[in-house]
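Engineer: Let me begin by handing over the structure; questions about it come next.
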Amino acid sequence: MRNDGNKAKKKTSISRETRIKEFKESLKEFWSDFKQVKYGIVGLVLLIVFILMMVLEPFIIPFPEAGERWSDITYWIDNPRSAAPAWVNWFSGKKNTVHEFLTEPELQVTDTPQFQVVEAEFNYNYKYDIPPGELTLKALGKGNVVVEAEIIRPDGETINLVRKNFNTRNETEIRIPLGNEAATRIINFGREFESTENSRNVQRHLLKPMEILFSKAQEGILVKPEPLKGDYRINVKAIIVGKDSYIKDPEVVVSGKVFGFLGTDDARRDIWSGIVVGTKWAIFIGLLTAFVSIAVGIMYGVTMAYFGGWVDSLMMRIYEIFVSIPMLPVLVVFSAVFSPSLWTLILFMCVFYWTGPVLTVRSMALQIKEETYIEAAHALNASTGRIIFKHMIPQLIPYAFANMALSVPGAIVAEASISLLGLGDASVVTWGQILHGAMKSSAVLKGLWWWIVPPGLMIALLGMTFAFLGFSMDKILNPKLKTR
């Protein structure tokens, strides 16, 4: 008995080793064929790039909490609004101001019996042709604090920017947009050097204070300003009244006209961070929808072919009903009536996408059904479930992989279309949501191409990636679907 048991174990071990060896050989054969399909290699390389973007997400985006706080405006408040990508300066004749933080100023503290005076001097080297959008003074403060700020230009001219009083019980972030607060003072400064005719003809609402602030003090400063490059000194004085009052960590944010790898949107959000975060959701939505729908479609098609007769006719009528319903309008109506959710969106896409492989699978299963090993299984009284799952469906797995890859682009585009219409899940950062924000803010009319092109291009590239993989697998595996 013991010898029989050992023989059985040895036989099982040999059988397992044989299967592993056959699998390795099949894998080598598949890879050898796959390498011959050039667009398949392109799709594989693109897929690796997208996977690396997912894996390295925490390390390649400047805002680690972008996915969780995409809709939190306070998270992006230090970014410039609608800034172009930083690399635009490489191709532009006129250089845009780069976004910058001025920290570590020269500090001087003076104590008196009644109050404390904190003076901070920031140095800013302006070397651009297009001025910044804003200069924002920020610090942490508590109690009664009076803040004054002035700017000394390279030509020696001094402009008093602001004087504001803050009185808070708890520590609060103090934020002062200096250009906005001092708009009238800066414009009046420009009028001192402008000709009477130009000063009278120019319309007040067309004047840009930051352009005047960083322009040469000469005639034309209001109508055709020329940039004044050099070192600007921003002097901040804080008068602190009271024992528990204080101010700390002062800094100046220079809101540039260019920022980061892909710029920012109207809400100051970093487009590059949104693109990277949206990659995992696009792949997740595409793969999950394709996997579920193809699995259901293959089961449905095999069941139709195996039972035949009235079962086949009934299932065919059900298939025809689902395939005749337009998916996108139904998704739009459903998303408009019910609260949009990523999971319900995936569920509805699966409800419509399962019909894709049914007819092809049915025709293949009808051929497989006539094979001798299926007849042998019937002769041995094998159960219906065993015949379907053990003998028929395994023959369709290669087709399933190819079809799943080809189904992913459709799911990605469907989600993007729903999100573009504002009916997607707003709690998830997807490329469709980014495009929806661009559409709402009229990015096309404003010329904010960096808000539109990257997400659209990513949708196209990811769709092309799976299409290339699907076409290549279909080309390689289809001849092998023939049973021996």
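The values are calculated or read from the model by the stated rules, or taken from the named source; none is laboratory data. Everything quoted here is computed from the prediction, not taken from an experiment. A quick note on method: Cβ atoms are made from the backbone with ideal geometry, for glycine too, and the neighbour counts reach across all protein chains shown.
Engineer: Report, ordered by the first and then the second residue, all pairs with beta carbons closer than 7 Å, sequence separation of six or more or different chains, a first member in the stretch 69-82 that is over 17 Å from S441 (Cβ atoms), and a second member that is outside any helix (DSSP H, G or I) and among the basic types (K, R).
Structural biologist: As it stands, the answer is Y75/R69; I77/R268, since those pairs meet every condition given.
Engineer: Could you check the stretch 216-255 and list, in sequence order, the residues that are over 30 Å from T112 (Cα atoms) and free of Cβ contacts under 8 Å to residues at least 40 places away in the same chain?
Structural biologist: Q218, E219, G220, I221, L222, V223, K224, P225, E226, listed by residue number.
Engineer: Here is a follow-up. What helices (runs of 4 or more DSSP H) lie completely within the stretch 334-399 and have 3 or more residues being within 26 Å of I476 (Cα to Cα) and of a type in the set (A, V, I, L, M)? Talk me through it step by step, then tell me what you get.
Structural biologist: On the way: elements: 342-353, 358-369, 372-379.
Where helices (runs of 4 or more DSSP H) fall fully within the stretch 334-399 and carry at least 3 residues being within 26 Å of I476 (Cα to Cα) and of a type in the set (A, V, I, L, M), they are 358-369.
Engineer: Let me ask something else. Only one residue in R163, R169, R175 is more than 40 Å from the chain's Cα centre (by Cα), of a type in the set (K, R) and in the same structural domain as Y232 (by TED's automatic domain parsing), so which one is that?
Structural biologist: From the options R163, R169, R175, the qualifying one is R163.
Engineer: To continue, here is another question. Could you grab me the full set of residues in the stretch 267-315 that are farther than 14 Å from M349 by Cβ, more than 18 Å from the chain's Cα centre (by Cα) and of a type in the set (F, W, Y)?
Structural biologist: Scanning the stretch 267-315 gives Y300, Y306, F307, W310.
Engineer: Kindly check whether there is at least one residue in the stretch 350-359 that is in the same structural domain as V296 (by TED's automatic domain parsing), farther than 30 Å from L423 by Cα and in contact with a His (Cβ under 9 Å, 6 or more places away or on another chain).
Structural biologist: no
Engineer: Restricted to the stretch 91-113, and to residues that are within 13 Å of F259 (Cα to Cα) and of a type in the set (A, V, I, L, M, F, W, C), which residue is farthest from the chain's Cα centre (by Cα)?
Structural biologist: Checked the stretch 91-113; the qualifying residue farthest from the chain's Cα centre (by Cα) is F101.
Engineer: Now a separate question. Against the condition within 30 Å of I221 (Cα to Cα), assigned by TED's automatic domain parsing to the domain that holds I174 and at pLDDT below 95, how does G143 come out, does it pass?
Structural biologist: No, not satisfied.
For every residue, the table says whether it meets (1) touching a Cys at 6+ places or on another chain (Cβ under 6 Å); (2) crowded, with 17+ Cβ neighbours inside 10 Å; (3) outside the structural domain of P326 (by TED's automatic domain parsing); (4) over 17 Å from I285 (Cβ atoms).
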position	(1), (2), (3), (4)
F389	no, no, no, yes
I393	no, yes, no, yes
I397	no, no, no, yes
A402	no, yes, no, yes
A405	no, yes, no, no
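Engineer: Just to be sure before I move on: is H391 within 30 Å of E29 (Cα to Cα) and modelled with pLDDT under 85 in the structure I sent?
Structural biologist: Against the criterion (within 30 Å of E29 (Cα to Cα) and modelled with pLDDT under 85), H391 qualifies.
Engineer: For the stretch 155-215, give me every one of the helices (runs of 4 or more DSSP H) that falls completely inside it and has 1 or more residues that are touching a residue at least 12 places away in the same chain (Cβ under 8 Å), surrounded by 18 or more Cβ atoms within 10 Å (Cβ to Cβ) and among the small types (G, A, S).
Structural biologist: Values: elements: 178-181, 183-191, 196-201, 209-213.
It comes to 178-181, 183-191.
Engineer: Now for a different question. Touching a residue at least 40 places away in the same chain (Cβ under 8 Å) and not in a helix (DSSP H, G or I) - does that describe any residue in the stretch 295-308?
Structural biologist: no
Engineer: On the basis of being without any contact (Cβ under 8 Å) to a residue 12 or more places away in the chain and within 22 Å of the chain's Cα centre (by Cα), does A376 make the cut?
Structural biologist: It is false that A376 is without any contact (Cβ under 8 Å) to a residue 12 or more places away in the chain and within 22 Å of the chain's Cα centre (by Cα).
Engineer: Of everything in the stretch 438-457, what is surrounded by 14 or more Cβ atoms within 10 Å (Cβ to Cβ) and not in a helix (DSSP H, G or I)? Give them in sequence order.
Structural biologist: S441, L448, I452
Engineer: Any chance the stretch 281-288 includes a residue that's assigned by TED's automatic domain parsing to the domain that holds G456 and without any contact (Cβ under 8 Å) to a residue 24 or more places away in the chain? Even if it seems obvious, please write down each step before you answer.
Structural biologist: Kept after step one, since they are assigned by TED's automatic domain parsing to the domain that holds G456, are these residues of the stretch 281-288: 281-288.
In the following step, the residues that additionally are without any contact (Cβ under 8 Å) to a residue 24 or more places away in the chain were identified as 284.
Yes, the stretch 281-288 has at least one match.
Engineer: Any idea which of (1) surrounded by 16 or more Cβ atoms within 10 Å (Cβ to Cβ); (2) out of contact with any Pro (no Cβ under 9 Å at 6 or more places or on another chain); (3) assigned by TED's automatic domain parsing to the domain that holds N160 is the one Y232 doesn't satisfy?
Structural biologist: (2) is the only condition that Y232 fails.
Engineer: Shifting gears a bit: Out of curiosity, is E68 within 20 Å of F284 (Cα to Cα) and either at pLDDT below 90 or not hydrophobic (A, V, I, L, M, F, W, C) (or both)?
Structural biologist: Considered against the rule, which asks whether it is within 20 Å of F284 (Cα to Cα) and either at pLDDT below 90 or not hydrophobic (A, V, I, L, M, F, W, C) (or both), E68 comes out as yes.
Engineer: Taking F338 as meeting all but one of (1) under 28 Å from F466 (Cα atoms); (2) within 29 Å of the chain's Cα centre (by Cα), write down the number of the exception.
Structural biologist: Going through (1) under 28 Å from F466 (Cα atoms); (2) within 29 Å of the chain's Cα centre (by Cα) one by one, F338 breaks only (1).
Engineer: Does the stretch 42-49 contain at least one residue that is more than 21 Å from L287 (Cα to Cα) and of a type outside the set (D, E, K, R)?
Structural biologist: No, there is no match, as no residue in the stretch 42-49 is more than 21 Å from L287 (Cα to Cα) and of a type outside the set (D, E, K, R).
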